[in-house]
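Right, one structure below, let's go through it.
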Amino acid sequence: MMQPTNSSHSIADHFTSVIYSLCEIAELYYYLAKLDEAVNVLQTGLQLTSAKEVHLRDRVKLTLQYGRVLVANYFLSNKDFDLALATSLEAKQLAETIHYEKGTADALSLIGQAHYYKMLNAGEGDYEEAFTCFQQALKIREKLRDTRGISEALFYRGLTYERRGLLDDAHESYTESLQFADLYNHKLEKSYALRHLAGLVADRGDLDAALNYALTSLALREEIGFRVYLPHSHILVGDIYLEREDSENALINYLNAQGLAEEMGIKNALIHSLLAIGNIQLLQDDKVQARENFQHAHTLAQELGIPYVIEEAAKKLSALQAE
């Protein structure tokens, strides 16, 4: 039987090991789109942080991981925004208390994402607040020479540019993000940058480059097991195939997106896949099936309460009804 020690240092080390493991488990759940499981694991971990032996930096790590999962869950489910933002703000405050700059940058990124998704999902606030957070995070990342963080910050800065219609600035930020991710082999960040570059170059009419970017992004996510956003990846690939007038490959990707979204319970992605499949069915003059998919998408959009997807689904139904 192992003999216990009376060393508080040893207890602190054990807490560090447990918190690290819980964060790793939660990250794996996040990758697999099992966000409820990730939340449960982290909430269990948070109960440990009241112990006096827990290092404050370990508490920051756990709070940041909790915020990361909550922010992603808000984007996908449109729920618990206040908790996601409050957790991210708490992480920032804790990191600043111990002058932990990387933790501060991580928290700023989460705060920016929360504000970005609030504007995207609910049309509340503006992208300027998110942009400010990403810029502040970028300055810290550059000071620390945190290449993964730099790539991430440049990507999210690009998102805010894109949403505000500053497409040249967005393209520049995505390209810089991709360069850092490519040079230092940050595969997740590379997949993000490639995905959004695909959308921009598709809008410019370069569908060959767009398809290459989108397929590479999809392949990277499959390689690292980042399943949570695979449905969105397939939808983008399908959209580009459709622009290339290849409805067969477009439908294959939309159906893949639907299957993955249903399997993982990601209603956000399921709505978009149903709308996309409905569009293909309209091209095939299958109005009955198209209406069924549009109606299903509209019902799900109302459940999530996201105005822009409710409006999009309603427009599809109205157009069909007018015919």
Give all pairs with beta carbons closer than 8 Å in which a residue from the stretch 55-71 that is at positive phi meets a residue that is small (Gly, Ala, Ser) and surrounded by 23 or more Cβ atoms within 10 Å (Cβ to Cβ); count only pairs at least 6 apart in sequence or on separate chains. none
Tally up the residues in the stretch 209-259 that are within 18 Å of ALA269 (Cβ to Cβ) and over 20 Å from the mean Cα position of the chain (by Cα), please. 7
Scope the stretch 221-240; condition within 24 Å of ASP208 (Cβ to Cβ) and open to solvent by 40 Å² or more (accessible area, probe 1.4 Å); matching residues: GLU222, GLU223, ASP239
Members of the stretch 55-112 that are over 14 Å from the mean Cα position of the chain (by Cα), aliphatic (A, V, I, L, M) and within 23 Å of VAL18 (Cα to Cα): LEU56, VAL60, LEU62, LEU64, ALA91, LEU94, ALA95, ILE98, ALA107
Within the stretch 118-142, which residues are under 16 Å from ASP82 (Cβ atoms), open to solvent by 20 Å² or more (accessible area, probe 1.4 Å) and either touching a residue at least 60 places away in the same chain (Cβ under 8 Å) or within 15 Å of the chain's Cα centre (by Cα) (or both)? LYS118, MET119, ALA122
Looking only at residues that are part of a helix (DSSP H, G or I) and among the acidic types (Asp, Glu) in the stretch 21-61, which one is nearest to ALA269 (Cα to Cα)? ASP36
Being touching a Gly at 6+ places or on another chain (Cβ under 8 Å) and aromatic (Phe, Trp, Tyr) narrows TYR31, TYR74 down to just TYR31
In the stretch 262-297, what residues are more than 17 Å from LEU230 (Cα to Cα), of a type outside the set (Asp, Glu) and open to solvent by 10 Å² or more (accessible area, probe 1.4 Å)? ASN279, GLN281, LEU282, LEU283, GLN284, LYS287, VAL288, GLN289, ARG291, ASN293, GLN295, HIS296
Residue pairs qualifying under the 6 Å Cβ cut-off, at least six apart or on distinct chains, with the first in the stretch 305-320 being exposed (fewer than 15 other Cβ atoms within 10 Å of the Cβ) and the second being of a type in the set (S, T, N, Q), are GLY305/ASN78
Please tell me if LEU108 is open to solvent by less than 80 Å² (accessible area, probe 1.4 Å), in contact with a Cys (Cβ under 6 Å, 6 or more places away or on another chain) and either assigned to a loop (DSSP other than H, G, I, E, B) or not β-branched (Val, Ile, Thr) (or both). yes
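Step by step: first the residues of the stretch 1-29, then only those that are open to solvent by 60 Å² or more (accessible area, probe 1.4 Å), aliphatic (A, V, I, L, M) and closer than 19 Å to ARG59 by Cα, then the one that is modelled with the lowest pLDDT. Which residue is that?
Within the stretch 1-29, the match that is modelled with the lowest pLDDT is ILE11.
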Determine whether ARG157 is in contact with a helix residue (DSSP H, G or I) (Cβ under 9 Å, 6 or more places away or on another chain), under 17 Å from GLY238 (Cα atoms) and in a helix (DSSP H, G or I). no
If we take the stretch 169-273, then helices (runs of 4 or more DSSP H) inside it with 3 or more residues that are in contact (Cβ under 8 Å) with a residue 12 or more places away in the chain, within 21 Å of ALA26 (Cα to Cα) and not aromatic (Phe, Trp, Tyr) are 187-203, 207-224, 247-264
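The values are calculated or read from the model by the stated rules, or taken from the named source; none is laboratory data. Treat the numbers as computed from the prediction; the structure is a model and nothing was measured. Virtual Cβ from ideal backbone geometry, glycine too; neighbours counted across all protein chains shown. For accessibility, only protein heavy atoms count, side chains too; no ligands or nucleic acids. Shrake-Rupley method; radii C 1.70, N 1.55, O 1.52, S 1.80 Å.
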